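The values are calculated or read from the model by the stated rules, or taken from the named source; none is laboratory data. Predicted model, so just to flag it, every value in this text is computed and none were measured. Here the Cβ is made from the backbone with ideal geometry for all residues, glycine too, and neighbour counts use every protein chain on show. Heads up: the accessible areas ignore ligands, DNA and RNA and are worked out on the full protein's heavy atoms, side chains in. Shrake-Rupley method; radii C 1.70, N 1.55, O 1.52, S 1.80 Å.
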Amino acid sequence: MDARKEGLPRNPHFAVQAELQWFSSPLFPKQPHLVRCLSPFFLTCAIYFLLWIPEDPPSWVGALVKCLPVLCLVGFLRACSGGCYSCLLQVALLFSACGDVFLIWPEAFPYGVAAFTKAQMLYIWAFGLRPLQLGLLLPVVLASLPFYCLLRLHLSPDMVLLLTAYTLALATMLWRGLARGGSARWGALLFTISDTVLACNTFIQPLPHARLVVMATYYAAQFLISLSAFQSPRLKTN
């Protein structure tokens, strides 16, 4: 469903029912072309987890395998969706793919964080700031602030400013994703979980199966955010 072509319902009960219907109804059988366009994404995700190449010494082959699923989502949106919202998602996905590549090389870690910061800012732009939904901001702050204070204790001085900026961008993206609703809400939550586990594993304490959790939630997050291009935003129906 393209929000640009659909009327915006005035009844909030209708909006809730429509959102629930989207999750409960079989979306893809009704739109078989979406299945075909998403096949490369699922295939490249399977290849990544089967080959597990980034576990080996950093290489361009590993970088390609890691970022291919995200690039496939760019192709999916380009082929099946249009409009400003979809374009913003595509550019955000491209910055995410760049971040995926940079994070493979430890010396390029700051560039990876910078690329993902730009991606989060683009997601914020896409999700919009109206209405503010300040009630959703409080739990985001209550969850983000204690974790940041803990993370700050383990950061080297040269990483403090960069990761502070990224934490602010990620928390804002989570707030706006929750406000938008639909699959954007779940994508924003999974993105936050992915980055939280990554930060804990990298800076605080190594975690068992951390990379499996990080990448599984990351790919799922990008997938769900991409699907939001086919949904009417909840924030406009309230």
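A few comments on the model shown:
- Apart from one condition, residue 132 fits all of (1) part of a loop (DSSP other than H, G, I, E, B); (2) open to solvent by less than 50 Å² (accessible area, probe 1.4 Å); (3) of a type outside the set (S, T, N, Q); the exception is (2).
- Only one of the numbered conditions (1) farther than 19 Å from residue 220 by Cα; (2) among the aliphatic types (A, V, I, L, M); (3) in contact (Cβ under 8 Å) with a residue 60 or more places away in the chain is not met by residue 89, and that is (1).
- Taken over region 67-102, the criterion of being at pLDDT below 95 and buried (at least 18 other Cβ atoms within 10 Å of the Cβ) is satisfied by 80, 81.
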